[in-house]
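Please read the structure below before turning to the comments.
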């Protein structure tokens, strides 16, 4: 009887998972398989002759392309800065809004609101805020904060400032998502653990290090993993705010793949870039998961 019930539950689970699995196969697995197939050809948009098999030539060309190399480096720098900064800001906000703060529901909604906005809208808004000259809102605010010592800059057309400017936009837009996840994690830590630590003489810092952080290990690992994947997917901000400029300072892998496929018409080369980028991101996420699992085992 029990075995029959388990078989029925397994069948129901497969039926409920079937639409999601079909969607994954149709919109992820099938396009990726097509990209893998095209990467072994010399297909170009508008080419009069049919594509021919070229083996690994497209992969060799993609790896030797300085624009793609620059895009991968930009992606790594972006992720290396945005993931820890955004996680730290989200943790600080979660700790602040988890405490007894008047109007904390309003503050939670305010910090989460940018997550709801479309990234295209956010990018257009921040393009206006980054307006060059002393009348630009960001330049004016920084001038006020530094008592007039700040020299106005053209953030989005300066190679030294363009990528940091996009980083700031991404942190501002995404910090609310991490904050909500960490708030849920904080609410799941039993209050008795903090009370026991306080009775043992632990101060706020020690309670944070030995009670709060261990209790947030899984939420922190999850948010870091998701933010890393989103950081490597960076495209909308770059396309709208800088179009990969100035001088390639903000181009990313997804943007370079788009340019290669639809501007230069090299579909096979773009497919090879897609496969390389997918394998690189997959390797990084697997390494993150393994590191997080290792730390849980040590704890």
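Any read-out appearing in this document is the output of simple, stated calculations on the displayed coordinates, not a laboratory observation. Nothing here was measured: the structure is a model prediction, and the numbers come from that model. A quick note on method: Cβ atoms are made from the backbone with ideal geometry, for glycine too, and the neighbour counts reach across all protein chains shown.
Of note:
- Pair residue 53, residue 95: separation of 7 Å Cα→Cβ label points (nm): 6.0
- The mean sequence distance of close C-alpha pairs (under 8 Å, at least 6 residues apart), as a share of the length of region 49-164, puts its relative contact order at 12 percent.
- Normalised by the number of residues in region 98-173, the average gap of Cα pairs under 8 Å and 6 or more apart makes the relative contact order 24 percent.
- Relative contact order (%) - criterion: Cα under 8 Å, at least six apart; region: region 65-298: 29
- Distance (nanometres) between label positions extended 7 Å along Cα→Cβ at residue 45 and residue 18: 3.9
- R0 of 51 Å, Cβ-Cβ distance residue 195-residue 229: FRET efficiency to nearest 0.05: 0.85
- With all pairs of separate Cα atoms included, region 157-236 yields a Kirkwood hydrodynamic radius of 14.9 Å.
- GNM result for the chain, Cα springs below 10 Å: residue of 113, 72, 30 fluctuating most strongly: 30
- Helix-derived mean residue ellipticity, 222 nm - over the chain, DSSP H n ≥ 4, -39500 (n - 2.57), to 500: -22500 deg cm²/dmol
- Cα gyration tensor shape for region 186-294, rounded if a/c is under 1.5, else prolate or oblate: prolate
- Under the simplified labelling scheme, the residue 149-residue 9 pair shows an inter-label distance of 6.5 nm, with each label point 7 Å from Cα along Cα→Cβ.
- Kirkwood Rh in Å, taken over all unlike Cα pairs in region 46-155: 19.1
- For residue 80 and residue 102, a Förster radius of 41 Å and the Cβ-Cβ distance give a FRET efficiency of 0.65, rounded to the nearest 0.05.
- Counting other Cβ atoms within 10 Å as a rough exposure proxy, the listed residues 119, 16 run 16, 119 from fewest neighbours to most.
- The reciprocal of the average 1/r between distinct C-alpha atoms defines the Kirkwood hydrodynamic radius, which for region 1-95 equals 18.8 Å.
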